[in-house]
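J.: There's a structure below that I have some questions on.
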Amino acid sequence: MSHTRNDIQSNNRTDEIVRGLRRGNTMAQRQFLQLYAPAVFALIARLTPNSLDAEELTQDSLLRAIVHIDSYDPALASLSTWISRIAYRTALNNLRNHPRPTLSLDNNPDISLQADEKTVQDFLQNSDDSMTELLRQAIDYLPPDEQTLLNLFYFDDLPLKDIAFIMEAPPGTLATRLHRIRKKLYSLILTLQQQ
């Protein structure tokens, strides 16, 4: 496996930042915040509708990462994946105190979660602007863990191995959950269309 010059430089930079954080170096802390704050905020903001809460939770997550940097093990995950796990846990803990709205699929017996995968894939991929807005609304009705899984897999393009570390679940389980979530989105969109 060959490593590009950029990969090596990136790994060296990460190693320097981690060493600096472990020594309490303020320059390393600044670099750490510049590099990782945007991604942490993006992850948390998708789960926390209030931007002030998202900013506060981002700060909490980054501070936890700095305080607990000695527990970071590069053999288990990259630094960004390790920080994402902290951010995910922080956001979930906050959401336990602030439940989100739900939409029951039980009220509509015509909509079934038994749709075949091809129908669901075609429906979700061949959407126009109005369908895209319905998809966004449907995602908002998903539980936080399902939203996170979708966002990390489809929007952040993370491999299941990294998502498994962040969400503390086996990759095979997450693949099965993605399949079920797509069907659930299909049903949610059909329900929203009928409202």
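Values in this text are rule-based calculations from the coordinates and carry no lab data. Predicted model only: the values in this text are computed from it and were never measured. Backbone-built Cβ (ideal geometry, glycine too); neighbour counts: all protein chains shown.
J.: Suppose each label sits 7 Å from its Cα in the direction of the beta carbon; what would the Thr132-Glu168 distance come out to in nanometres?
T.: The answer from the label model is 3.7 nm.
J.: Kindly identify region 5-97 as rounded, prolate or oblate by the Cα gyration tensor criterion: order the square roots of the eigenvalues as a ≥ b ≥ c, call it rounded if a/c is under 1.5, otherwise compare a/b with b/c, prolate if a/b is larger, else oblate. Let's see the in-between values first.
T.: On the way: a/c = 1.94, a/b = 1.86, b/c = 1.04.
Judged from the Cα gyration tensor, region 5-97 comes out prolate (a/c at least 1.5, a/b above b/c).
J.: Would you kindly state how much longer the chain becomes between Phe155 and Arg89 on full extension, computed as 0.36 nm times their sequence separation minus their alpha carbon distance, in nm to one decimal?
T.: On the way: separation 66, 0.36 × 66 = 23.76 nm, distance 1.91 nm.
21.8 nm is the gain from fully extending Phe155 to Arg89.
J.: Taking the mean number of other Cβ atoms within 10 Å as a proxy for protection, how do you rank 25-38, 58-71, 76-89 from highest to lowest? Write down the numbers at each step before the final one.
T.: Values: 25-38: 15.0, 58-71: 16.6, 76-89: 19.8.
The densest-packed peptide leads the list: 76-89, 58-71, 25-38.
J.: Ranked highest first by the average count of other Cβ atoms within 10 Å around their residues, in what order do 43-55, 169-181 fall? Kindly include the intermediate steps, with their values, before the conclusion.
T.: Details: 43-55: 17.4, 169-181: 14.2.
Most protected by this proxy first, the peptides run 43-55, 169-181.
J.: If you don't mind, there's one more thing I want to ask. At a Förster radius of 45 Å, what calculated FRET efficiency corresponds to the Cβ-Cβ distance of Asn97 and Asn11, to the nearest 0.05? Before the final figure, lay out each step's value.
T.: Working: r = 38 Å, r/R0 = 0.85.
Once rounded, the FRET efficiency stands at 0.75.
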